[in-house]
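Single-structure report; data block below.
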Amino acid sequence: MALRGIPIAFLVVQSCWPTCQSSRKGRTVAMTRVLVVDDHTVIRRGIQSILRAWPEWEIAGEAADGEEAIQLTTNVRPDIVLMDISMPRMGGLEATRAIRKVCPEVKILLLTLHDSLEWVEIALQAGARGYLLKSDTEGELVRALNVVAGNGIYVSPSLDADRVKKIIVDMGSTA
């Protein structure tokens, strides 16, 4: 496990993903479908704009709250749900728990302003595979998605890596 904040687990390549022809030197790349969930339209559109610059990411849809996220996840079956924690009607933590029950194969990366380890622990216990801060860079967003897509656990490098590792180890011993 790397402790420099980001990949807590090694990236595992998925061979069953759909592929597309990249405009970058004609290479074929795996495409991962991402559902973007945030109550702020400008955040959703900004994330989509970032991801469209990378041929390996496909936007599966967008939702403005947890209830919409559950419905869309059930209908479109994205590979990853990138979701805000704090939203009206139903927040990201409650939606994470519900999505994991109905679509356990879908990975969830939470995006938030909450930079506390208590929130990280709650998020991971809810079934999230990653925890990204809204203050992180767009490069960190792509890195987080790559780690989660590869079955790793991602936590923002802004948070204490040693304490994050302890949370993950403690969760594993109680599971």
For this session: Please give the helices (runs of 4 or more DSSP H) falling wholly within region 55-161 in which 3 or more residues are buried (at least 19 other Cβ atoms within 10 Å of the Cβ) and touching a Phe, Trp or Tyr at 6+ places or on another chain (Cβ under 9 Å).
Result: 117-126, 138-149
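To keep it simple, each residue is scored yes or no on (1) over 17 Å from GLY66 (Cβ atoms); (2) in contact (Cβ under 8 Å) with a residue 24 or more places away in the chain.
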position	(1), (2)
LYS101	no, no
ILE108	no, yes
LEU117	yes, yes
TYR131	no, yes
For this session: Among what's in region 30-51 and is of a type in the set (D, E, K, R) and free of Cβ contacts under 8 Å to residues at least 60 places away in the same chain, pick the residue that is farthest from MET87 (Cα to Cα).
Result: ARG33
Exercise. How many residues are under 14 Å from ASP115 (Cα atoms) and out of contact with any Pro (no Cβ under 8 Å at 6 or more places or on another chain) if we restrict to region 134-163?
Worked result: 10
For this session: Check off (1) touching a residue at least 12 places away in the same chain (Cβ under 8 Å); (2) among the polar types (S, T, N, Q); (3) within 20 Å of THR41 (Cβ to Cβ) for GLN71 and give me the number that stays unchecked.
Result: (1)
Exercise. Which one of ILE47, ILE43 is surrounded by fewer than 17 Cβ atoms within 10 Å (Cβ to Cβ) and within 19 Å of GLU140 (Cα to Cα)?
Worked result: ILE43
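Bear in mind that the values in this text are calculations on the coordinates, not laboratory data. Since the model is a prediction, treat every value here as computed from it, not as a measurement. Methodologically, a virtual Cβ is constructed for each residue, glycine included, from the backbone with ideal geometry; neighbour enumeration extends over all protein chains shown.
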